[in-house]
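Right, one structure below, let's go through it.
The values are calculated or read from the model by the stated rules, or taken from the named source; none is laboratory data. Computed from a predicted model, the values in this text were never measured in an experiment. Every residue, glycine among them, receives a Cβ derived from its backbone with ideal geometry; neighbour counts consider all protein chains shown.
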Amino acid sequence: MVENCGTIDSARSVRTIILECIGAVLLGLGAVGVFLPIIPTTPFVLTAALCFSANPAVYNRIVKSPFFGEYIRAYKEGRGIKTGTRLISIAFLWVVLLITMLFFMTEDWHRILLSVVGICVTIHLLTVCRKNRCRPRDQHLLFFIM
């Protein structure tokens, strides 16, 4: 692969390379979002999957990965978020937010803003479709081209 680094063959266009680079950045942000509740994981992973769809081999690898694949499959199949995952996410969110507010923030308006973000994320997690109550997303705009 290193010998082809400076050339673009007919099977791999500049568009594909750019989309793969953008997808890699988005996937990295999604990975960070797993550990930092303020950064949303799912939108980054889904958008990265969209970018990787330009290269079916990379897309299939991401969909089959144990770390990111479940996000994509659950969304496409309309399975929603499992209750246990939902509760763990909310608990982890508030633990991290409280630690941040108590030990790292000095301004009250920062604490208020972070609380509002936490409340909004909690509402989203509580209202996003639950397991077995969603319709499949195969025709959704995001996955229409996949």
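Can you go through I123, I72, I90 and tell me which one is surrounded by fewer than 16 Cβ atoms within 10 Å (Cβ to Cβ) and either at pLDDT 85 or above or hydrophobic (A, V, I, L, M, F, W, C) (or both)?
Just one listed residue meets the conditions, I123.
Please find, within the range 39-54, the residue that is farthest from the chain's Cα centre (by Cα) out of those that are of a type in the set (A, V, I, L, M) and surrounded by 19 or more Cβ atoms within 10 Å (Cβ to Cβ).
If we take residues in the range 39-54 being of a type in the set (A, V, I, L, M) and surrounded by 19 or more Cβ atoms within 10 Å (Cβ to Cβ), then A54 is farthest from the chain's Cα centre (by Cα).
Filter the range 47-72 for residues that are in a helix (DSSP H, G or I) and either touching a Phe, Trp or Tyr at 6+ places or on another chain (Cβ under 6 Å) or on the phi > 0 side of the Ramachandran plot (or both) and give the result.
Answer for the range 47-72, where residues must be in a helix (DSSP H, G or I) and either touching a Phe, Trp or Tyr at 6+ places or on another chain (Cβ under 6 Å) or on the phi > 0 side of the Ramachandran plot (or both): F52, V58, Y59, I62.
Out of curiosity, is L97 assigned to a helix (DSSP H, G or I) and at pLDDT below 85?
It is false that L97 is assigned to a helix (DSSP H, G or I) and at pLDDT below 85.
Considering each residue of the range 46-81, count those that are among the hydrophobic types (A, V, I, L, M, F, W, C) and touching a residue at least 60 places away in the same chain (Cβ under 8 Å), and give that number.
Selection size over the range 46-81: 3.
When you go through G33, G80, G84, G23 one by one, which is the residue that is more than 21 Å from L126 (Cβ to Cβ) and small (G, A, S)?
Testing whether each residue is more than 21 Å from L126 (Cβ to Cβ) and small (G, A, S) leaves just G23.
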